[in-house]
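The values are calculated or read from the model by the stated rules, or taken from the named source; none is laboratory data. As the structure is a prediction and not an experimental result, all values here were calculated from the model. Virtual Cβ from ideal backbone geometry, glycine too; neighbours counted across all protein chains shown.
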Amino acid sequence: MTCSFFKCLGTIARPVAADLRRAWIHALLALATVAMAPGAAAQSKAGAVSQLQGMATAQQPNGTYRFLARGDTVLEGDVISTTERGFAVVALDDGTKFTLRPSSTFAIDRFKQEQGEESAFMRLLRGGVRMVTGLVSKRNPAGFEFKVKTATLGIRGTSFDARICGDDCRQEGIAPQAATAAVAELSNTGAVVARL
């Protein structure tokens with residue numbers, strides 16, 4: 001069987017081109033996996049969303065967002081935000097539970113619960129949160145820190161409320177003097193009210 005030069009070249013080139021395409025696809029997938037691996041390895045599971053009303057998102061350290069649903073995993077490094085009509089209840093793996101108010105932003109900067117390395121550092125960036133702490137704060141009372149814009153607090157196995165508010169406090173009838181008195185009154189029981 002004989003064929004012209006161009007016809008034979010086409011017969012050989014088609015399978016080679018298909019193999020090259022497959023090789024490129026495999027190479028690109030491998031590069032994407034390697035590029036994503038450091039971000040994935042840096043974030044470990046901290047807990048899960050146990051209840052959700054409205055919408056909530058989690059922003060990862062690399063800047064990507066994901067919408068949260070009930071049962072979704074929450075990772076160390078996530079910044080969780082609720083919409084103005086939503087709230088979220090998150091249960092961390094050590095038994096800590098927190099409820100984010102509507103229009104709140106909360107960061108889980110560090111959450112380690114391995115034996116001997118128990119520590120947590122969380123920040124309230126906007127809105128309000130109610131929290132009941134778990135094993136991390138019981139095993140290492142000095143290792144559980146909570147921060148608002150004006151203060152960093154050490155939490156030692158307790159429950160507390162924290163809220164950053166401006167005009168919304170005035171709309172709810174909380175006077176600045178009352179908020180200051182609440183801080184002094186509740187500090188003995190472990191509750192915190194933060195007003196800017």
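Annotations
- Arg66 meets the conditions (1) part of a loop (DSSP other than H, G, I, E, B); (2) within 11 Å of the chain's Cα centre (by Cα) in every case but one. The failed one is (1).
- Matching strands (runs of 3 or more DSSP E) fully within the stretch 94-196 where at least 2 residues are at pLDDT 60 or above: 97-100, 105-112, 119-132, 144-148, 159-164
- Any hit, the stretch 79-92, residues being outside any strand (DSSP E or B), without any contact (Cβ under 8 Å) to a residue 40 or more places away in the chain and within 26 Å of Ser137 (Cα to Cα): no
- Selection count, the stretch 108-146, where residues are of a type outside the set (Val, Ile, Thr) and either at positive phi or over 15 Å from the mean Cα position of the chain (by Cα) (or both): 22
- Of the residues making up the stretch 53-70, those that are of a type in the set (A, V, I, L, M) and surrounded by 16 or more Cβ atoms within 10 Å (Cβ to Cβ) are Ala56, Ala58, Leu68.
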